[in-house]
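Heads up: the structure comes next, in structure tokens.
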Amino acid sequence: TNFNVSSDNWGHVQLAGVFRGISVRDPGGAIQIIPGYGGLFSGKIKVLKRTNLMYQLYGGKGMARYVKSLTGQGLDVVFDNIDNSYKALNTYGGYVSAGIKWNKIFSNDLTAGVTRIVNIDSQPGDAFKDSYYASVNFFMYFAKTLNIGIEYSYGKRINKNNESGDANRISFISIIDF
């Protein structure tokens with residue numbers, strides 16, 4: 001479910017929530033339903049005539065599938081071999097981004113974000129714990145239907161055992177609207 005308030009003058013604010021049942025098979029072969037839930041607060045605020053501030057904060061239990069950087073990693077629910085049961089993991093994070101439209105041809109965005117999983121004791125040391133990222137891009141609008149840009153992104157992953165890795169990427173982007 002979600003609730004959205006918007007205005008042409010100042011931007012928009014949105015609240016959203018999800019409740020879900022996550023099916024798992026226990027060690028005896030029986031199917032269990034583990035409850036999951038989460039909430040989101042996001043929006044865009046017009047700070048100046050050509051500058052927007054966008055933000056998103058989220059948190060919940062058993063909701064990693066809804067977080068882009070965690071999708072497909074199986075981090076909604078994990079098996080706790082200490083007490084032989086499944087546990088939904090707490091996930092939270094967010095981002096903030098400033099976007100500036102310099103003129104009719106050029107714009108750029110600066111973004112920073114964080115994602116965190118609250119690990120349980122029985123997870124292995126290489127289990128995902130935190131990630132941090134930042135990006136900056138620059139776009140040029142050639143026509144109403146053609147945009148070309150470049151983006152630099154930096155990311156850092158930290159595991160439960162505090163081992164970490166960094167990644168840098170440069171992306172070239174083209175958008176064609178029909």
Out of G62, I31, V114 - ranked by how far each Cα lies towards the positive end of the dipole of the chain, with unit charges on the beta-carbon of charged residues - the top one is V114
With a 31 Å threshold on alpha-carbon distance, the violating pairs from K104/K156; K44/K87; K46/K87; K49/K144; K44/K160 are K104/K156; K44/K87; K46/K87; K44/K160
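May I ask you to give the solvent-accessible area per residue for the chain, in square angstrom, as obtained with a 1.4 angstrom probe?
Dividing the accessible area of the chain by its residue count gives 63 Å².
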The alpha-carbon pair-distance distribution computed for segment 1-158, with 5 angstrom bins and whole-percent values, is 2, 8, 14, 16, 15, 14, 11, 8, 6, 4, 2, 1, 0
Expected field for R65, accessible surface area in Å² at 1.4 Å probe radius, rounded to 10, holds 130 Å²
Subtracting the Cα-Cα distance of V13 and N108 from 0.36 nm times their residue separation yields 32.0 nm
Taking every alpha carbon pair in segment 39-112 and sorting the distances into 10 angstrom bins from 0 up to the bin holding the longest one, the percent per bin comes out as 17, 33, 24, 16, 7, 3, 0
The farthest towards the positive end of the charge dipole of the chain, of the residues F19, F3, L89, given +1 on Cβ of Lys and Arg and -1 on Cβ of Asp and Glu, is F3
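Let me know the charge dipole size of the chain about its Cα centre in debye, to the nearest 20, where only the beta-carbon of Lys, Arg (+1) and Asp, Glu (-1) is charged.
Here the size comes out at about 700 debye.
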Extend 7 Å from the Cα of N81 along its Cα-to-C-beta direction; within segment 15-34, residues with backbone N under 14 Å of that point are 27
Heavy-atom accessible area of segment 12-122 with neighbours in place, 1.4 angstrom probe: carbon+sulfur share in percent works out to 60 percent
Simple SL model, points at 7 angstrom along Cα→Cβ for N161 and N4; separation in nm is 4.5 nm
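Give me the extension gain from S97 to T51: residue separation times 0.36 nm, minus the current Cα-Cα distance, reported in nm with one decimal.
Length gained, S97 through T51: 15.5 nm.
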Contact order relative to length for the chain, counting C-alpha pairs under 8 Å separated by 6 or more residues, stands in percent at 13 percent
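Given contacts defined as C-alpha pairs under 8 Å and at least six residues apart, what's the relative contact order of segment 60-149, whole-number percent?
That works out to 22 percent.
The values are calculated or read from the model by the stated rules, or taken from the named source; none is laboratory data. This structure is a prediction, so every number in the text was calculated from the model and none was measured. Glycine also receives a Cβ, built like all others from the backbone with ideal geometry; neighbour counts cover every protein chain displayed. All accessible areas refer to the heavy atoms of the entire protein, side chains included, with ligands and DNA or RNA removed. Shrake-Rupley method; radii C 1.70, N 1.55, O 1.52, S 1.80 Å.
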